[in-house]
Structures are given as C-alpha cells and as structure tokens.
Amino acid sequence: MSECLPAGSKISASEISAARRHLFLCIGPDCCGEAEGQALWERLKTAVRELRIPVLRTKAACLRVCAGGPWLVIYPEGVWYGAMTPERLDRVLREHVVGGQPIAKWAAARTGCGD
C-alpha cells in the first residue's frame, strides 16, 4: 500500500496508521443547533490533542438520526452515542476511547463492525 497523501493534506499517513479509533461527530443542523454542534466539535479537537489520543476524527453534517444530537459514533466498535454534551464527551473519551469500555447506558445503537 502506498503511503503518499496529496500535498497539502491536513493529516499524515503515519497519523492515519497510528489511529486506534475513528470518531464521527454530527454537528447538526437537524439533530442539534449548529452552535451547540460546533462547540462540541471544538471541545473534541481540544480534548484529543490534550489527551494525546491516537484517533481520527471526522465532523459530519448528518448521520441520518436527525434528532437527539449531537451524535458521536465510534469505530471500530460502531457505538452510537446521542445527546452528547461536553461532560458526556469527556467521559466517553476517558472510558470508551482511552479505557476501551463503551458506556452501555448511553449507547443508543451499535453496528456489527466491531464484532
């Protein structure tokens, strides 16, 4: 596999290779207010940097739930968390992303990808 990314890429091939999880955050506008979603996105970026968590993160405009957001989906486990707040995000990062233990009471759904 070639590890040549286009010039100007915001991420390196080594960062992609080092990632242990991929976090998708829906920032609205349908599932939540755009300001709320954008604020949570900024919190996610800051927390990942501060904690030095080896993850990929992707901002999404729609994960097709369209209510009860912001939504966070974590792969490879495929766990979907709704109604995310900064406090919930911090706990999910600590317990699920770093600790490897999804928070069952907040998991709204789970894909079969992590099986």
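Once every DSSP H run of n ≥ 4 in the chain is given -39500 (n - 2.57) and the sum is divided by its residues, what mean residue ellipticity at 222 nm do you get, rounded to the nearest 500 deg cm²/dmol?
Rounded to the nearest 500, it is -8000 deg cm²/dmol.
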Taking only the alpha-carbon positions of the range 51-115 as identical scatterers, the Debye log10 I(q)/I(0) at q = 0.15, 0.17, 0.21 Å⁻¹ comes out as -0.44, -0.58, -0.91
Given 20 °C, 1.002 mPa s and a Kirkwood radius over Cα pairs, the Stokes-Einstein diffusion coefficient of the range 12-54 in µm²/s is 185
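Which value, in debye to the nearest 20, gives the size of the charge dipole of the chain about its Cα centre, when Lys and Arg are +1 and Asp and Glu are -1 at the Cβ? Walk me through the numbers on the way to the answer.
Values: 15 positive and 12 negative charges, 32 e Å.
Computed charge dipole of the chain: roughly 160 debye.
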Contour minus Cα-Cα span, CYS4 to ASP90, at 0.36 nm per residue, comes to 27.6 nm
Expressed in nanometres to one decimal, the distance between label points 7 Å along Cα→Cβ at THR111 and PHE24 is 0.5
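Could you give the semi-axes, largest first, of the ellipsoid that matches the chain, computed as the square roots of 5 times the alpha carbon gyration tensor eigenvalues and rounded to whole Å? Numbers along the way, then the final one.
Values: eigenvalues 104, 58, 40 Å².
Its equivalent ellipsoid spans semi-axes of 23, 17, 14 Å.
We did not get these values from a lab; they are worked out from the coordinates using the rules stated. Only a predicted model underlies this, so the values are computations on that prediction, with no experimental measurement involved. Virtual Cβ from ideal backbone geometry, glycine too; neighbours counted across all protein chains shown.
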